[in-house]
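Here the structure is laid out as structure tokens; the discussion comes afterwards.
No value in this document is a laboratory result; all are computed from the given coordinates. Small disclaimer: the values here were computed from a predicted structure and weren't measured. Methodologically, a virtual Cβ is constructed for each residue, glycine included, from the backbone with ideal geometry; neighbour enumeration extends over all protein chains shown.
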Amino acid sequence: MEKEKNNRSSFSGKIGFVLSAAGASVGLGNIWRFPYLAAKYGGGIFLLIYILLALTFGYTMIVAESALGRMTRKSPVGAFKAFGKKAGWLSFGGWINAIIPVLIVPYYSVIGGWVIKYFVEYLKGNGAKLAEDGYFSKFISNGLSTEICFIVFCMFTLIIIYAGVRNGIERVSKFMMPILVVLSVIIAIYSVTRPGALAGVKYFLVPNPKNFSWMTVVTAMGQMFYSLSIAMGILITFGSYMKKDTSIEDSTRNVEVFDTAIAIMAGLMIIPAVFAFSGGDPDTLQAGPSLMFITIPKVFNSMGFGTFAGILFFLLVLFAAVTSSIALTESAVSTVEDELKWSRKKSTVIVGFIMIILGTLSCLGYGPLSFVKIIGMQFLDFFDFLTNSVMMPIAALMTSLFVSKVVGVDRMEEEIRHGESKFRRKKIFVVMIKYLCPIFAIIILVSSVANAFGWISM
């Protein structure tokens with residue numbers, strides 16, 4: 001076992017882990033999902049609640065998953081199995097954490113393919129075409145075009161994974177993440193300086209208690225999973241590559257700050273610009289997933305330097321999508337390596353094959369396979385519902401129970417204090433992992449499922 005530990009790949013140090021974990025966290029969930037949820041559920045009050053949750057619920061889960069990974073030097077399945085019979089039925093939580101990335105990355109890569117398409121079209125100077133009514137629907141219904149874009153995105157991700165932890169994941173994250181930050185600042189400045197945009201800035205940043213509702217809290221909780229890569233097996237996997245002298249608390253804090261800053265930047269990129277474009281029309285702001293592919297091109301087309309803004313924006317989104325898809329794929333590949341004892345190359349090929357098969361279903365689900373529906377949903381929407389609304393809350397519930405009941409807080413503290421003088425936020429961690437995290441996970445699970453079946457409206 002010791003030999004296996006020593007042979008395991010690792011990040012070069014704290015910066016490698018932080019940028020890779022931040023890269024995993026900063027993805028379409030931040031840039032695509034966060035702004036429209038913030039717009040829909042109260043602007044500033046949503047942002048305030050989200051930040052409070054990030055500092056408590058989010059912090060606890062990141063620390064727990066990273067420490068569990070480093071303690072066992074295993075990917076999710078192995079990490080849960082490492083505690084033997086003591087784990088009991090909770091050991092199944094490792095498999096749920098492991099399966100989630102396998103199901104997410106195919107449809108995530110489909111959306112990544114859409115981003116490539118838009119980026120290329122902006123490079124060609126076709127911004128006006130992208131802003132036309134019906135363009136997006138026509139594009140996603142074309143099975144061949146979407147499949148090609150999807151395969152290109154997949155291959156890019158798989159090549160990086162094939163290269164390994166340091167040469168692939170860490171190197172790409174160190175390159176992409178600083179560029180991503182610079183691009184987000186440039187686009188945010190451009191957006192907030194548009195005529196009429198300041199009203200959008202005020203709506204997004206200033207909390208208004210009148211906009212508060214229970215669904216604001218539930219939705220902000222759900223967004224945590226997307227934004228911080230909680231309950232996807234990613235942080236357990238990345239934790240297993242973390243050196244013992246790397247501070248978990250410091251690294252976690254850096255990931256929290258990085259992720260939340262990018263989410264706020266995404267809000268400042270999108271909400272003020274759409275606010276100015278629509279005159280504050282709430283229906284436009286709450287356009288949901290279509291915001292990025294339908295509304296934003298219209299916004300850019302109505303502004304000066306629209307093509308340039310479109311190139312920068314979709315380059316930013318592409319970088320964010322790639323860093324997250326790398327993390328998701330790495331988690332899946334690592335599990336195959338650990339459990340089947342296969343080489344990285346063989347494991348990458350097998351995971352790549354699964355990605356392309358499942359992703360093709362999502363890819364063609366709006367075109368040639370649009371007649372096939374699962375509980376009334378297209379393939380992509382179904383996989384999104386299954387992973388994010390059902391499996392991830394269950395994974396978070398089982399992880400928090402596993403850490404508090406099986407591993408124990410004392411053992412976790414011992415692991416966290418490697419490279420630390422003390423566990424500074426121990427009280428928050430203990431209260432959250434023992435009591436509040438399981439409750440939060442159950443609330444998200446019940447409300448998300450109830451919403452999907454139309455029993456409540458979110």
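Here is how the numbers come out for the structure above:
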{"item": "Dipole moment magnitude, nearest 20 debye, the chain about Cα centre, only Lys, Arg, Asp, Glu C-beta charged", "result": "940"}
{"item": "Peptides ranked, highest mean first, by Cβ atoms within 10 Å: ranges 130-141, 322-333", "result": "322-333, 130-141"}
{"item": "Structure-based [θ]222 nm, the chain - -39500 (n - 2.57) summed over DSSP H runs of at least 4, per residue, nearest 500", "result": "-21500 deg cm²/dmol"}
{"item": "Normalised contact order of the chain, rounded percent, pairs of Cα under 8 Å and 6 or more residues apart", "result": "34"}
{"item": "Reach of Lys14 by Cα under 17 Å, taken over aspartates and glutamates that are not fewer than 8 positions away in the same chain", "result": "Glu65, Glu170, Asp245, Glu249, Asp250, Glu256, Asp259, Glu415, Glu420"}
{"item": "Backbone HN-Hα couplings from phi across the stretch 86-94 [Karplus 6.51/-1.76/1.60, Hz, Gly and Pro as x]", "result": "4, 5, x, 5, 5, 4, 5, x, x"}
{"item": "Cβ-based net charge around Asn97, under 15 Å, with every Lys or Arg adding one and every Asp or Glu removing one", "result": "-2"}
{"item": "The chain: projected area of the alpha-carbon convex hull, averaged over directions, in nm²", "result": "20.2"}
{"item": "Hz values of 3J(HN,Hα) by residue in the stretch 446-451 - Karplus curve (6.51, -1.76, 1.60), Gly and Pro given as x", "result": "5, 5, 5, 5, 4, 5"}
{"item": "Compactness relative to 2.2 N^0.38 Å, alpha carbon Rg of the stretch 140-226", "result": "1.64"}
{"item": "Largest-first ellipsoid semi-axes for the stretch 111-158, taking √(5λ) over the Cα gyration tensor eigenvalues, angstrom", "result": "20, 13, 7"}
{"item": "In sequence order, calculated HN-Hα J values of the stretch 128-137 (Karplus, 6.51, -1.76, 1.60; Hz; x Gly/Pro)", "result": "5, 5, 5, 7, 5, 4, x, 4, 5, 4"}
{"item": "Dipole axis of the stretch 2-452 (+1 Lys, Arg; -1 Asp, Glu on Cβ), positive-most option in Phe83, Gly352, Phe382", "result": "Phe83"}
{"item": "Surrounding net charge for Ala452, when Lys and Arg each add one and Asp and Glu each subtract one, Cβ distance under 14 Å", "result": "-1"}
{"item": "Positive-end extreme of charge dipole, the chain - chosen from Tyr41, Ala263, Phe300 (charges on Cβ)", "result": "Ala263"}
{"item": "Burial ranking of peptide ranges 405-417, 234-246 (average Cβ count within 10 Å, highest at the top)", "result": "234-246, 405-417"}
{"item": "Mean Cβ neighbour count within 10 Å, used as a protection proxy, ranking 383-392, 171-180 highest first", "result": "383-392, 171-180"}
{"item": "Signed unit charges on C-beta, dipole axis of the stretch 322-458, positive-most listed residue His418, Val407, Ile439", "result": "His418"}
{"item": "For the stretch 352-400, Kirkwood radius (reciprocal of mean inverse C-alpha pair distance, Å)", "result": "11.8"}
